[in-house]
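K.L.:
Would you mind keeping the following structure in view while I ask a few things?
The values are calculated or read from the model by the stated rules, or taken from the named source; none is laboratory data. In this text, all values refer to a predicted model and were calculated from it rather than measured experimentally. A quick note on method: Cβ atoms are made from the backbone with ideal geometry, for glycine too, and the neighbour counts reach across all protein chains shown.
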Amino acid sequence: MNTEWFTYVVSDFPKRLSDFHGNEVDSDSIVSDEIEIQTGLKPVDIRPARQFSDNPLTKALLVSFLKPTKRFWSLFGSSVARLVDKTDRLRQCETCWGFHFARNCHRRAVCQRCGKTGHSTDDCAAPEQCINCLGPHQANFHRCPARPKKVRGVLRRLTKEQRGLVRTVGAEAYRQRQREAQPESHQEAHNSTYE
């Protein structure tokens, strides 16, 4: 059974919590208890968000529940928790074809078709190779194994280890496709010499 989660972003959460005497405390158990006190609900998942914070003393948390909370809540001076909009769609940069907003991208432009730099997709005759998974398809292929996937309403990106495995398998699939294409081109060249 696939249970839907209601996930909230808590921005500006302090990276370190201390008691009245200034001693650092274990925030994990305190956070879970505080969330339950404020919301009346037990969280099913609490994890750091991949959101960038301008303040080096704070971070963002993602807190998930089986039901939506009924009132506003915040944690230890953080911003008010905000429900993650489930209509958020995956953004793919049209500069580098990574999965992020293009306006913040400072990477070199790559070809959507072959993943290489120095030319536009319109001018490309190279075999298709995805810049993300290294497989034999264009970077915007909707079934690319490197694409982040929605899990319980939240986009989940691959871990570094998962991404490495996907790229290894993708590169092998690309090599296999190239080997399969080789005999055809050799056969065509062979046939054209006898015509």
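K.L.:
Working carefully through the options Leu61, Leu66, Leu90, find the one that is in contact (Cβ under 8 Å) with a residue 24 or more places away in the chain, among the aliphatic types (A, V, I, L, M) and surrounded by 14 or more Cβ atoms within 10 Å (Cβ to Cβ).
P.N.:
Of Leu61, Leu66, Leu90, the one residue that is in contact (Cβ under 8 Å) with a residue 24 or more places away in the chain, among the aliphatic types (A, V, I, L, M) and surrounded by 14 or more Cβ atoms within 10 Å (Cβ to Cβ) is Leu61.
K.L.:
Checking Asn55 against (1) assigned to a loop (DSSP other than H, G, I, E, B); (2) touching a residue at least 40 places away in the same chain (Cβ under 8 Å); (3) more than 28 Å from Lys160 (Cβ to Cβ); (4) of a type outside the set (D, E, K, R), only one condition comes out false. Which one?
P.N.:
(3)
K.L.:
Continuing with the same structure: Lys150 versus (1) part of a strand (DSSP E or B); (2) closer than 22 Å to Gln176 by Cα; (3) charged (D, E, K, R): which is the lone unmet condition?
P.N.:
If we test Lys150 against (1) part of a strand (DSSP E or B); (2) closer than 22 Å to Gln176 by Cα; (3) charged (D, E, K, R), just (2) comes out false.
K.L.:
Can I ask one more? Give the residues of the stretch 64-79 that are assigned to a loop (DSSP other than H, G, I, E, B) and either touching a strand residue (DSSP E or B) at 6+ places or on another chain (Cβ under 8 Å) or of a type in the set (Phe, Trp, Tyr) (or both), sorted by residue number.
P.N.:
If the condition is that a residue be assigned to a loop (DSSP other than H, G, I, E, B) and either touching a strand residue (DSSP E or B) at 6+ places or on another chain (Cβ under 8 Å) or of a type in the set (Phe, Trp, Tyr) (or both), then Leu66, Lys67, Pro68, Thr69, Phe72, Trp73, Ser74, Leu75, Phe76, Gly77, Ser78, Ser79 are the ones that fit.
K.L.:
State whether one or more residues within the stretch 129-152 are surrounded by 15 or more Cβ atoms within 10 Å (Cβ to Cβ) and touching a residue at least 60 places away in the same chain (Cβ under 8 Å).
P.N.:
yes
K.L.:
Which condition from (1) on the phi < 0 side of the Ramachandran plot; (2) surrounded by 19 or more Cβ atoms within 10 Å (Cβ to Cβ); (3) at pLDDT 95 or above is the one that Leu158 breaks?
P.N.:
The single condition Leu158 does not satisfy is (3).
K.L.:
Further question on the same structure: Looking at (1) assigned to a helix (DSSP H, G or I); (2) closer than 30 Å to Phe65 by Cβ, which is the only condition Gln178 fails?
P.N.:
With (1) assigned to a helix (DSSP H, G or I); (2) closer than 30 Å to Phe65 by Cβ applied to Gln178, the lone miss is (2).
K.L.:
Residues that are free of Cβ contacts under 8 Å to residues at least 40 places away in the same chain and closer than 24 Å to Pro148 by Cα: does the stretch 5-25 have at least one?
P.N.:
For the stretch 5-25, residues free of Cβ contacts under 8 Å to residues at least 40 places away in the same chain and closer than 24 Å to Pro148 by Cα: absent.
K.L.:
Please count how many residues of the stretch 42-73 are modelled with pLDDT of 85 or more and out of contact with any helix residue (DSSP H, G or I) (no Cβ under 8 Å at 6 or more places or on another chain).
P.N.:
Residues meeting the conditions: 9.
K.L.:
Here is a follow-up. Exactly one condition in (1) under 30 Å from Val44 (Cβ atoms); (2) modelled with pLDDT under 95; (3) part of a loop (DSSP other than H, G, I, E, B) is not met by Pro145; state its number.
P.N.:
(2)
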